[in-house]
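For reference, the structure is listed below as C-alpha cells.
The values are calculated or read from the model by the stated rules, or taken from the named source; none is laboratory data. This structure is a prediction, so every number in the text was calculated from the model and none was measured. In this analysis, Cβ positions are derived from the backbone assuming ideal geometry, glycine residues included, and neighbour counts consider all displayed protein chains.
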Amino acid sequence: MRVALLALLMVSFARSTLAQYDYGFDFSKAGTAGFQFLKIGTGAREIALGQAATSLTNDANAVYWNPGALSFVEQNQLFLTHNEWLAGSSANAAVIAIPLEEYVVALSFLQFKIVDFEETVVPQGGGSPYTGRMVGAGDQVVGVAVSKRFTDKLTIGLQLKYVREWMDDVSFSGVLFDVGTVYYTGFHHLRLAFALQHFGPDAKPDLVRFRMPLVFRLGAGEDFILTDEHRLTSALELIHPTDNVEQLSWGLEYEFLRVFALRAGYRFNADEGKLALGMGVRPPPLDMFTLQFDYAYSKFGAAFGATHRFTLGIGF
C-alpha cells in the first residue's frame, strides 16, 4: 500500500509540474528549451546502463542523476569524468561527496566546451567573410547537493545549481534545482526512484526567452542475484523531458567478486545513441583508499561516430 501511494504521489506531482509547460502545439517540442548540455549524461557507469540510473546510481555521481541516492555514499569520494562528445566537443566533470553524520553533502562542477571556430562576417565589396579571429563557446554548472536517509528504506536529496552559458563575449546564467528520492519497497531488493531535474525560472538573455530543460525520471531497480561472488542488477526508467518525446531506458549490470563489472543498456524511442556498453574495475582497497575506473561506449550513427566516457573514482 505504501509503495502504491508513493508511486501515485510521484506521478501526480510530475503531472502537475509538467502541466505548466504546455507549449500549445502538437508537433515535436525538441529544441524548445535552453541549456541543452544539462541533458548530456555524466558518469560512465550510468551511461553504460542506458541512463536507467535513477534507481541504480549509488556514489558521488548521483548528483547528475538523482540527488536522493547520495545517501548511499559511506566515505569521502572524489569522482572525475571525461566525456568525448559529438563533433569534437567534450565535457569534464568533478564532484566530491562527504558524509556528515546523517547527511551527505556534495559539491560538483561541470564544463562543456565546443571546438573553437573562426569568426565570419557579412563580406563587404566581395571580401572574405573570415576575420581570422577565433571564437569560443561553452557551458558551466556548479552544484551543491545534500541528501538524507530518513529510514532504512527512504532517502531524499536536493540540489541547487548555478548554470552559465557563453559564446565569445556574450553570456547568460540561471539558478536551477533538482530533487530526488529512492524508496526500497521491502519486496526482495526492489527499489523505486524519482527525480525532477533542472527546475527553475525561464532564462531571459537579450531579446530572447527560453524555458529550462526540465526532466522527470521514474525508475525501478532490482538485484536478481546477490552473493559474494556474483551480482546481477537491472533497471527500467521512464524519462519525460518537457522539450522532447518520452523515452524508456533499460540497463543491466553483472558484477564478479565486486571487482569487475560488465554493463549494457538501451534507450527506447531515442534517435541516436540507443545502445550503450561498458565495464568497470574496482581493485581491492589500498589502506584507507578505494579506487574504481568505469568506461562507457555509445554509438551515434555514421554522422557523429562513437562517444566515450571515462570515470575515475577515489574513496578516502
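The set of residues in segment 204-239 that are at pLDDT below 95 and under 20 Å from Glu272 (Cα atoms) contains only Pro213. Residues in segment 276-313 that are modelled with pLDDT of 95 or more and loosely packed, with under 14 Cβ neighbours inside 10 Å: Val281 alone.
Taking residues in segment 255-280 that are over 20 Å from Ala302 (Cα atoms), and partners anywhere that are of a type in the set (Ser, Thr, Tyr), the pairs with Cβ atoms closer than 6 Å and at least 6 places apart or on different chains are Leu262/Tyr254; Gly278/Tyr295; Met279/Tyr295. Step by step: first the residues of segment 140-185, then only those that are in a strand (DSSP E or B) and of a type in the set (Ser, Thr, Tyr), then the one that is nearest to Gly34 (Cα to Cα). Which residue is that? Result: Ser173.
Of everything in segment 129-163 that is polar (S, T, N, Q) and without any contact (Cβ under 8 Å) to a residue 40 or more places away in the chain, the residue that is surrounded by the most Cβ atoms within 10 Å (Cβ to Cβ) is Gln140. Looking across segment 110-152 at every residue that is within 21 Å of Asp168 (Cβ to Cβ) and aromatic (Phe, Trp, Tyr), the one that is nearest to the chain's Cα centre (by Cα) is identified as Phe112. Residue count for segment 231-241, restricted to those that are buried (at least 21 other Cβ atoms within 10 Å of the Cβ), under 16 Å from the mean Cα position of the chain (by Cα) and not small (Gly, Ala, Ser): 3. Scanning segment 288-307 turns up at least one residue that is under 16 Å from Thr42 (Cα atoms), in contact (Cβ under 8 Å) with a residue 60 or more places away in the chain, part of a strand (DSSP E or B) and aromatic (Phe, Trp, Tyr). If the condition is being more than 16 Å from the chain's Cα centre (by Cα) and touching a residue at least 24 places away in the same chain (Cβ under 8 Å), then segment 207-223 contributes Phe210, Arg211, Ala220, Gly221, Glu222, Asp223. When both residues are 6+ apart or on different chains and their Cβ atoms are under 8 Å apart, which pairs have a first residue that lies in segment 104-124 and is touching a residue at least 12 places away in the same chain (Cβ under 8 Å), and a second that is assigned to a strand (DSSP E or B) and of a type in the set (Lys, Arg)? The qualifying pairs are Val104/Lys148; Glu118/Arg133; Glu119/Arg133. Counting the residues of segment 186-203 that are over 19 Å from Gln140 (Cβ atoms) and either of a type in the set (D, E, K, R) or not in a strand (DSSP E or B) (or both) gives 7. The single condition among (1) touching a helix residue (DSSP H, G or I) at 6+ places or on another chain (Cβ under 8 Å); (2) among the β-branched types (Val, Ile, Thr); (3) modelled with pLDDT of 95 or more that Thr242 does not satisfy is (3).
When residues in segment 60-93 are screened for being under 13 Å from the mean Cα position of the chain (by Cα) and within 21 Å of Thr290 (Cα to Cα), 7 of them pass.
Checking each residue in segment 279-316 for being of a type in the set (Gly, Ala, Ser), within 16 Å of Trp85 (Cβ to Cβ) and over 16 Å from the mean Cα position of the chain (by Cα) picks out Gly301, Ala303, Gly305, Ala306.
Tell me, please, whether a residue that is at pLDDT 90 or above and not in a helix (DSSP H, G or I) can be found in segment 60-72.
Yes, the conditions are met somewhere in segment 60-72.
The residues in segment 251-274 that are of a type outside the set (Lys, Arg), part of a strand (DSSP E or B) and under 24 Å from His230 (Cβ atoms) can be counted, and the count is 12. Gly126 satisfies every condition listed in (1) in a loop (DSSP other than H, G, I, E, B); (2) under 25 Å from Leu176 (Cα atoms) except (2).
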